[in-house]
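Accompanying notes for the structure given below.
Since every read-out is calculated from the coordinates, none of them should be taken as a lab result. Model, not experiment: these values are computed from the prediction. As a convention, Cβ positions derive from the backbone with ideal geometry for all residues, glycine included, and neighbour counts pool all protein chains shown.
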Amino acid sequence: MIIASIIDEVSVWLRTPDNWWGPRGIFARLSEHAQMSFAALAAVIVLCVPITVWLGHRRRWGVLAINVSNAGRAIPSFAILVVGTQLFGLQDVPVIGSWFVFIALIVLAAPSIVTNAWVGVAEVPDDVRDAARGMGLTEFQVLWRIELPLALPLIMGGIRTAAVLTVATATIAAQVGSGGLGRFIVEGFALGPDAYDEVFSGAILVALFALATEGICALLQRLVTPVALRQPSRRAIDAAEKSDAPDTTVPTLQAA
Amino acid sequence: MTPLQPSLQPILHPMLASNTERWLWWPWIGDNAGVIRHDLWVHIELTVIAVVAGLIVSLPLGIWAQRRPRTLGPVLGGAGVLYTIPALAAFALLIPYTGSGNLTAVIPLTAYTLLILVRNIVTGLDGVPDEALEAADAMGLTRSQRLWRLELPLATPAIMAGVRVATVSTIGMLTIAALVGLGGLGHLIMVGLNRPIRTAVTVGAVLSVAFAVVADICLAVLQRKLSPWANNRSVSTA
């Protein structure tokens, strides 16, 4: 019974045009949310990935790069946001939203990207690098043409983890006065049981946004994976198991 | 709201602005030691419940999925979807059904541990050498004997590595429960934000990080006790 009534209230709330348009509507909150998350993510990628990838190529500072994400997990994101508000205030800055959310999100997103980028490059097999050097590639070419393409799936995996975390944390940022979809949850909760439709709708929107982020990143990760490294789809494996035909790669090689 | 927290009164020291602005104001900590101890205890309690419940769910799930590789994708995919839902949204979605009690905090946190735990359980079981399995079969062990005496003990380092990651992230995520009025150290951060008293923020954050570090060290020690043969190589979970 209670489930039915909540679904009713939520569908009424979501079908109210006023809740979608205007400066406090869903579209405005959604774009704030996306903007906050994307700005922080882009900053981390621009600031951290080049250095980390180079360090991974030199295989330096591995202990730090690997452990930073373990340490990052222990830091509560909510605490970072609150400390950030106290230190930097809530001034609005174009593009990045406000300084404190921006910095807090960077602090939270950086570890998983750094760890994955370092590991991805450093774990390229030695014989592959040696072959590249033997072919006369410079150090930079080894990194750019050999290691980076091989490391891209893992780097993208780190970005994917960070993106989901950033979207989740941008939700909490509403509690300390920032915009974003979390506002519906926080404001509705402050208003009490009568505004529960708003809380519930906000929660659904946040969950959908996070799932969409994850889905898009998963798609990107698959797209940047070199074809040879892609895991064959389940359907392809089934087809290969069922068919009696020999592996087609063998005749091709023989023909060559 | 549940009467989770003992009253924050009495505040014996005058709340001068200069004092509330301090990041570390010892008299406040002394006056509110009871609240702090209570919040820490709730935090420990809920973390233990969530991780243990996560293990109870993911052990059979992981064992089952590892034996049927075809189910592994959907199981991990489902756990991944749960993992993606932001904690604040999950708490908010549960409140109408489970109320503002500890259950509301525990259910999402348990769900978040599943991805990490199932993945590590499967990795651990996959790592059991075929010769060991064949030797167990040759000795006439039944399926369940083989599982309990051979496979699970050999998978322990990987499973414990998963438990460590799950515990540390649960401790961090639990602070978010305070946004919807649930207990734990996040309550102190909320007090610090709303009053505002910066010291409360510091205490909540520092205790949360300290608890995560201590829990991680304790689990690392336990891991070594449970599998003394394994050199302390942690299994990658990134």
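Tabulated results
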{"read-out": "Globularity ratio of chain B, using Cα Rg and 2.2 N^0.38 Å", "value": "1.22"}
{"read-out": "Förster radius 45 Å - calculated FRET efficiency between B:Val52 and A:Arg59 (Cβ-Cβ, nearest 0.05)", "value": "0.70"}
{"read-out": "B:Leu222 paired with B:Arg68, simple spin-label distance in nm, labels 7 Å along Cα-to-beta-carbon", "value": "3.0 nm"}
{"read-out": "Extended-chain gain in nm, criterion 0.36 nm per residue less alpha-carbon gap, B:Glu45 and B:Val81", "value": "10.3 nm"}
{"read-out": "Fully extended contour minus Cα-Cα distance, from A:Trp144 to A:Leu47, at 0.36 nm per residue", "value": "33.2 nm"}
{"read-out": "Karplus-derived HN-Hα couplings along the stretch A:105-120 (A = 6.51, B = -1.76, C = 1.60, θ = phi - 60°), whole Hz, x at Gly and Pro", "value": "5, 5, 4, 7, 7, 4, x, 5, 5, 4, 4, 5, 5, 5, 4, x"}
{"read-out": "Cβ-placed point charges (K, R +1; D, E -1), dipole of chain B about Cα centre in debye, nearest 20", "value": "60 debye"}
{"read-out": "Amide H contacts under 5 Å for A:Ser98, placed H, 5+ residues apart", "value": "A:Val93"}
{"read-out": "Sites B:Ala210 and A:Arg24 - FRET efficiency at Förster radius 51 Å, r taken between beta-carbons, to 0.05", "value": "0.85"}
{"read-out": "Quotient of C-alpha Rg and 2.2 N^0.38 Å, computed over the stretch A:129-172", "value": "1.75"}
{"read-out": "FRET efficiency for A:Leu14 and A:Leu220, using Cβ-Cβ distance with R0 set to 25 Å, rounded to 0.05", "value": "0.30"}
{"read-out": "Cα-based shape type of the stretch B:88-210, given that a ≥ b ≥ c are square roots of the gyration tensor eigenvalues and the cut on a/c is 1.5", "value": "prolate"}
{"read-out": "Base-10 log of normalised Debye intensity for the protein assembly as shown (one unit scatterer per alpha-carbon) at q = 0.08, 0.09 Å⁻¹", "value": "-0.57, -0.71"}
